[in-house]
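The block underneath contains the structure these notes are about, expressed in structure tokens.
The values are calculated or read from the model by the stated rules, or taken from the named source; none is laboratory data. None of these values were measured; they are calculated from a predicted model. Methodologically, a virtual Cβ is constructed for each residue, glycine included, from the backbone with ideal geometry; neighbour enumeration extends over all protein chains shown. Just so you know, the surface numbers come from the protein's heavy atoms only, side chains and all, with ligands and any DNA or RNA stripped out. Shrake-Rupley method; radii C 1.70, N 1.55, O 1.52, S 1.80 Å.
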Amino acid sequence: MTKLTNPTLAEQQTRLWVSNVIVKYNFCPFARKEVENNCIHYQTSLATSIDDAVMEMIEQCIELDQQPTRETTLLMFEQGFTDFEEFLDLVDLANALLVAQGFEGKYQIANFHPDYVFADSDDSDAANYTNRAPFPTLHLIREASMSAALDEYDEPESIPEHNINLARRKGIDFWQQLLAGCKKPSA
């Protein structure tokens, strides 16, 4: 794995997406606190093979073990997995490896992709934008922290429904423009 030291394009655009989409529109009601506390680690990967990508994901789990103040990691694939179906294969293997490596119950994976489409959904459904990001991304979440946050949140089961309703109310053109704005080159 190549260690990248300067903020990459993927990191810059993903930070903007977290701020301008996830936090601003409250898709994740727990994200604002982690952004404000600077507890999100952004890791850009140059992996283009599933094997390399899952090994990098495991390395990030190990780093989370070693960094207790790091709440969560966003592993962005700057060059690979542009095909959504291939990305879903990566997600399946990543979840299986999480279990095989003993991280089940400790970390869970959420996933985002520029072309994300929910199962049984149409590509033109604005609700897909709740999981669309500038780059294919694996989000490693500490389960204990998520559980504690959900325990403190009134009606956590309403979060996905709220997000879907908001996305559909704003419409696909709104989200396309917002995501495109996150992808503009930085000055």
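The residue that is modelled with the highest pLDDT, among those in the stretch 124-140 that are farther than 20 Å from Lys24 by Cα and open to solvent by 20 Å² or more (accessible area, probe 1.4 Å), is Asp125.
This table checks each residue for (1) open to solvent by 30 Å² or more (accessible area, probe 1.4 Å); (2) under 16 Å from the mean Cα position of the chain (by Cα); (3) at pLDDT 95 or above.
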| residue | (1), (2), (3) |
| --- | --- |
| Thr73 | no, yes, yes |
| Glu85 | yes, no, yes |
| Ala94 | no, yes, yes |
| Val117 | yes, yes, yes |
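Could you grab me the full set of residues in the stretch 83-92 that are assigned to a helix (DSSP H, G or I) and without any contact (Cβ under 8 Å) to a residue 40 or more places away in the chain? Phe84, Glu85, Glu86, Leu88, Asp89, Asp92, listed by residue number.
Let's see how each residue does on (1) in contact with a Leu (Cβ under 7 Å, 6 or more places away or on another chain); (2) touching a residue at least 60 places away in the same chain (Cβ under 8 Å); (3) of a type outside the set (D, E, K, R):
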site: Ala94; (1), (2), (3): yes, no, yes
site: Gln108; (1), (2), (3): no, no, yes
site: Tyr116; (1), (2), (3): no, no, yes
site: Pro136; (1), (2), (3): no, yes, yes
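Restricting the stretch 177-186 to residues that are in a helix (DSSP H, G or I) and either open to solvent by less than 20 Å² (accessible area, probe 1.4 Å) or touching a residue at least 24 places away in the same chain (Cβ under 8 Å) (or both), the residue that is nearest to Asp115 (Cα to Cα) is Leu179. Residue count for the stretch 42-57, restricted to those that are surrounded by fewer than 17 Cβ atoms within 10 Å (Cβ to Cβ) and farther than 19 Å from Pro114 by Cα: 3. Can you tell me which of Ser121, Ser147 is within 29 Å of Lys33 (Cβ to Cβ) and either exposed (fewer than 13 other Cβ atoms within 10 Å of the Cβ) or modelled with pLDDT under 95 (or both)? Going through Ser121, Ser147 in turn, the sole match is Ser147.
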